[in-house]
Amino acid sequence: MKCFICLLGVLAISLTLFANNSPAIDSGLIELKKAIANAPRYDAKRIDQIEQARHKLERLPSSAITKRFQQCEELYELFKVFQYDSAFQYARRMEVLALQLNDSSALAQANLKMAFVLLSSGMFKEAGDRLDKIVPATLQDAGKLEYYFTRGRYYYDLADYSADSYYEPQYIRQAASCIDSALAFCSKPEFRCAYYQGLKLRKEGNLDAALQAFKRLLDGQLTNHQVAIVASSLSAVYIQRKDMETAINLLIQAAIADIHSSTKETTAIFSLSELLFAAGDLKNASMCIEYAIDDAKFYGARQRKVQVSSILPIIESEKVNMVEEQKMKLIIYALIATFLLLALIVLAVIIFQQNKKLERVKSQLLIASVDQKNINNQLLEANKIKEEYIGYCFHTNSAYIHKIEKMKKQLEQKLLDKKTSEATFLVQNINIKQERDELFQHFDRIFLKIFPHFVKDFNALFREEDQVRLKDNELLNTDLRIFALIRLGIDDNEKIAQILEYSVNTIYTYKTKIKNKSMVSNDEFEERIMTIKAT
């Protein structure tokens, strides 16, 4: 009798924890778990390809600009769905090389790459600005094809992001127009042409035609990345048709293909977690959303981080609710079995154990929630710092390029006019100290924009007589600037010395002198600096 009651309790728990998936879905989820377990192996292969391409680029002489441009493009292609920061870096290098080549076609190509990766990261305004720089009429047919497909995706993503009854139809119409323009340049069968034709049909509501188009593509010879794209889009058709089982199977196929191709910029596994959650399969939904979060963090896609972070607390909350339901069911079974003292004791032990487990789960969830909040705050702070300093670097570089260009023109004119004394005067008139001071002032303004309370919080670590007193019109001084760089994550004395143009010994002396004056220990001082919050 005791065994029967225990078995009944275990059966009740099992029924609440696991959804009744179809055999096909269960089989697919097993394959997905295997793929997730092997994901590091696929990523290592991608990283090895990247390292080989990097070594090839490093071996090219600086004078081989065209070859360096092509090699940067190869590295961009390896990174574009793998890691945003690196893809952005190589697209930016392509732009610089295109300017050196003075090649408008290469510059347009670089802008297209930049627009794609910005779009993948969720930076719609910046992506739109890049696309607006391109004049389609100056491109070859292949370039026009890529341009119109990229702009079409731009409008489709805007439609998905806005999800607004007024703006969404407008974006879809603009996207369809771009796709039509692109298709006009599809002179031979190509995956992108067939795929975007199917996507256009789906967005226009022609589900039957879209379904047939995607099925034809999926039956052909495709790469893993292409399989993921088509299977994910085809699942959306089945979702609109309310055929969730087929949609789940397709998303499982897409997620596995993404893992095999080391694609981190993906929606398949995130969409799969939503469908599994809606179907009541919390265990597998949680597995998928956790992997989706890892992918979003690794790639650096802003809108994807927000999406996946929003559903995780819902899934975890539902898991807690289900554990509460388990507890109530066990209590009911205990009451039913009160006529057997032995059974009552056994059930009491079970309930006690479940309560302990529940407390541990709640404690773990609380810790996880705090950790997630800290991670989100760190991500927001890192993104803000990155965006501010990217803008700062672009502005500063632009200003210096303008100055250099102006100086170059003046020197050329003086030399042409054989006015060497005036040319010498121009060179000698360059005030390096003033330029350096302006550079520091720009740095100070940007830093204090991000950390407006830095000086106040820094001084809070010292007694009043030892606090920093800034001069009039002085934003930061050398003492503050050293620890401002440390707050940005630059903690190497040699790097700080290079930036501030001091010797390493001088930087070490400054830091030691400041730490010795503080009210906290030297070992703890830099940790306290890192806790100063950004706005």
Check whether at least one residue in the stretch 110-119 is over 23 Å from Ala53 (Cα atoms) and open to solvent by less than 30 Å² (accessible area, probe 1.4 Å), and report yes or no.
yes
The residue from Ile256, Ile248, Ile229, Ile239 that alone is touching an Asp or Glu at 6+ places or on another chain (Cβ under 8 Å) and at pLDDT 90 or above is Ile256
Which pairs have Cβ atoms under 6 Å, sit 6 or more apart or on different chains, and link a residue in the stretch 239-256 that is without any contact (Cβ under 8 Å) to a residue 12 or more places away in the chain to one that is open to solvent by 20 Å² or more (accessible area, probe 1.4 Å)?
Thr246/Tyr238
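Listed here are the residues, each with its yes/no results for (1) of a type in the set (D, E, K, R); (2) touching a helix residue (DSSP H, G or I) at 6+ places or on another chain (Cβ under 8 Å).
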| site | (1), (2) |
| --- | --- |
| Ser120 | no, yes |
| Glu126 | yes, yes |
| Arg130 | yes, yes |
| Ala142 | no, no |
| Tyr148 | no, yes |
Over 28 Å from the mean Cα position of the chain (by Cα) and outside any helix (DSSP H, G or I): which single residue out of Lys215, Lys242 fits that description?
Lys242
Tell me which residues, restricted to the stretch 193-205, are open to solvent by 60 Å² or more (accessible area, probe 1.4 Å) and outside any loop (DSSP other than H, G, I, E, B).
Gln197
So, Gln221, is that one in a loop (DSSP other than H, G, I, E, B), out of contact with any Lys or Arg (no Cβ under 8 Å at 6 or more places or on another chain) and either open to solvent by 50 Å² or more (accessible area, probe 1.4 Å) or at pLDDT 90 or above (or both) or not?
yes
Going residue by residue through the stretch 346-364, is there one that turns out to be modelled with pLDDT of 75 or more, open to solvent by 70 Å² or more (accessible area, probe 1.4 Å) and among the aromatic types (Phe, Trp, Tyr)?
yes
Within the stretch 241-283, residues being of a type in the set (Val, Ile, Thr) and farther than 23 Å from Lys80 by Cα number 2
Have a look at Arg487, Arg463 and point out the one that is loosely packed, with under 13 Cβ neighbours inside 10 Å, closer than 19 Å to Asp523 by Cα and not polar (S, T, N, Q).
Arg463
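Any residue at all in the stretch 76-86 that is hydrophobic (A, V, I, L, M, F, W, C), within 29 Å of the chain's Cα centre (by Cα) and open to solvent by 20 Å² or more (accessible area, probe 1.4 Å)?
Checked against the condition, which is being hydrophobic (A, V, I, L, M, F, W, C), within 29 Å of the chain's Cα centre (by Cα) and open to solvent by 20 Å² or more (accessible area, probe 1.4 Å), the stretch 76-86 yields at least one hit.
To keep it simple, each residue is scored yes or no on (1) under 30 Å from Leu282 (Cβ atoms); (2) over 26 Å from the mean Cα position of the chain (by Cα); (3) open to solvent by less than 70 Å² (accessible area, probe 1.4 Å).
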{"position": "Ile30", "(1), (2), (3)": "yes, yes, no"}
{"position": "Lys33", "(1), (2), (3)": "yes, no, no"}
{"position": "Asn38", "(1), (2), (3)": "yes, no, yes"}
{"position": "Ile50", "(1), (2), (3)": "no, no, yes"}
{"position": "Lys56", "(1), (2), (3)": "no, yes, no"}
{"position": "Arg59", "(1), (2), (3)": "no, yes, no"}
{"position": "Ser62", "(1), (2), (3)": "no, yes, no"}
{"position": "Thr66", "(1), (2), (3)": "no, yes, no"}
{"position": "Phe69", "(1), (2), (3)": "no, no, yes"}
Any helices (runs of 4 or more DSSP H) falling wholly within the stretch 440-511 and containing at least 2 residues that are at pLDDT 90 or above and among the aliphatic types (A, V, I, L, M):
478-487
List the helices (runs of 4 or more DSSP H) inside the stretch 88-184, counting only whole elements, that have at least 2 residues being under 21 Å from Tyr299 (Cα atoms).
104-120, 124-132, 141-162
In the list Ile450, Ile446, which residue meets the criterion of being out of contact with any Pro (no Cβ under 7 Å at 6 or more places or on another chain), open to solvent by less than 20 Å² (accessible area, probe 1.4 Å) and aliphatic (A, V, I, L, M)?
Ile450
Being of a type in the set (S, T, N, Q), exposed (fewer than 13 other Cβ atoms within 10 Å of the Cβ) and modelled with pLDDT of 65 or more is true for just one of Gln410, Gln378, Gln434. Which residue is that?
Gln434
Failed item in (1) open to solvent by 90 Å² or more (accessible area, probe 1.4 Å); (2) under 35 Å from the mean Cα position of the chain (by Cα); (3) not β-branched (Val, Ile, Thr), with Leu480 passing the rest
(1)
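Condition check ((1) in contact (Cβ under 8 Å) with a residue 12 or more places away in the chain; (2) on the phi > 0 side of the Ramachandran plot; (3) in contact with a Cys (Cβ under 9 Å, 6 or more places away or on another chain)) across all residues:
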| position | (1), (2), (3) |
| --- | --- |
| Ala159 | yes, no, no |
| Ser162 | no, no, no |
| Leu183 | yes, no, yes |
| Ser187 | yes, no, no |
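One line per residue, one yes/no per condition, for (1) of a type in the set (Lys, Arg); (2) open to solvent by less than 30 Å² (accessible area, probe 1.4 Å); (3) farther than 24 Å from Lys144 by Cβ:
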{"position": "Cys178", "(1), (2), (3)": "no, yes, no"}
{"position": "Ala184", "(1), (2), (3)": "no, no, no"}
{"position": "Phe191", "(1), (2), (3)": "no, no, no"}
{"position": "Leu207", "(1), (2), (3)": "no, no, yes"}
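Here is a yes/no grid of residues against (1) in a loop (DSSP other than H, G, I, E, B); (2) at pLDDT 95 or above; (3) over 29 Å from Thr246 (Cα atoms):
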{"residue": "Cys3", "(1), (2), (3)": "no, no, yes"}
{"residue": "Gly9", "(1), (2), (3)": "no, no, yes"}
{"residue": "Leu15", "(1), (2), (3)": "no, no, no"}
{"residue": "Ala19", "(1), (2), (3)": "yes, no, no"}
{"residue": "Asp26", "(1), (2), (3)": "no, no, no"}
{"residue": "Leu32", "(1), (2), (3)": "no, no, no"}
{"residue": "Arg46", "(1), (2), (3)": "no, no, yes"}
{"residue": "Glu73", "(1), (2), (3)": "no, no, yes"}
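The values are calculated or read from the model by the stated rules, or taken from the named source; none is laboratory data. On a predicted model such as this, the values are computed, not experimentally measured, just so you know. Cβ sites come from the backbone with ideal geometry, for glycine too, and all protein chains shown count toward neighbours. Each accessible area value is taken on the protein alone, full model and side chains, heavy atoms only, with ligands, DNA and RNA left out. Shrake-Rupley method; radii C 1.70, N 1.55, O 1.52, S 1.80 Å.
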